[in-house]
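Contents: one structure, followed by commentary.
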Amino acid sequence: MAMSKELKPQNIDQYIAAQESFMRPKLQQIRKLIKKAAPDAEEVISYSMPAFKYHGILVYFAAYKHHLGFYAMKEVMTHFKQQVEGYQSGAATLQFGWDKPLPVKLIAEIVTYRMETNFSKKMAKTALKKKK
């Protein structure tokens, strides 16, 4: 059943507050890690998940029963192929178990990489517009 509009979180605080108590500390931790790596990024809710934007979406994260989902882009998983080995992952996602420590350095590196690639894409688009 789809969640009613009133129950959808409007911000990350609401999203985290709506999760089970054992999930909240790790959700707050990943939020802090992302904010530290991307202090100029904007917090948003996108696709009903917490996300950070900086010249486009950087990353998303979401709580699930058995794991914390961390969503970058497919190109990121390719770029960090060796570093993400050993983590349950998909084409553009990583899964972190609730009972294991977060890979702090890896998360920071992914967020930094996304900031750099988003900024580069933005500058390339701006340069193209100026040429027209």
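Quick notes on this one:
- From the options Val44, Val111, Val59, Val76, residue that is of a type in the set (A, V, I, L, M), within 29 Å of Thr126 (Cβ to Cβ) and either modelled with pLDDT under 95 or assigned to a loop (DSSP other than H, G, I, E, B) (or both): Val76
- Within region 114-129, not a single residue is outside any helix (DSSP H, G or I) and in contact with a Leu (Cβ under 9 Å, 6 or more places away or on another chain).
- Contact annotation: residue pairs with Cβ atoms under 8 Å, 6 or more positions apart or on different chains, pairing a residue in region 66-90 that is closer than 24 Å to Gly56 by Cα with a partner that is part of a strand (DSSP E or B) and modelled with pLDDT under 90, are Met77/Ser89.
- Filter result for Ser4 (at pLDDT below 95, under 14 Å from the mean Cα position of the chain (by Cα) and farther than 13 Å from Met115 by Cβ): no
- Pair list, Cβ < 8 Å and 6+ apart or interchain, from region 3-29 residues that are under 20 Å from Glu42 (Cβ atoms) and surrounded by 11 or more Cβ atoms within 10 Å (Cβ to Cβ) to residues that are among the aromatic types (Phe, Trp, Tyr) and modelled with pLDDT of 95 or more: Pro9/Tyr15; Leu27/Tyr15; Leu27/Phe61
- Which numbered condition Met123 fails, given (1) surrounded by 17 or more Cβ atoms within 10 Å (Cβ to Cβ); (2) modelled with pLDDT under 90: (1)
The values are calculated or read from the model by the stated rules, or taken from the named source; none is laboratory data. The structure presented is a predicted model; accordingly, all values stated were derived computationally and were not measured. Glycine gets a Cβ as well: all are built from the backbone with ideal geometry, and neighbour counts include every protein chain shown.
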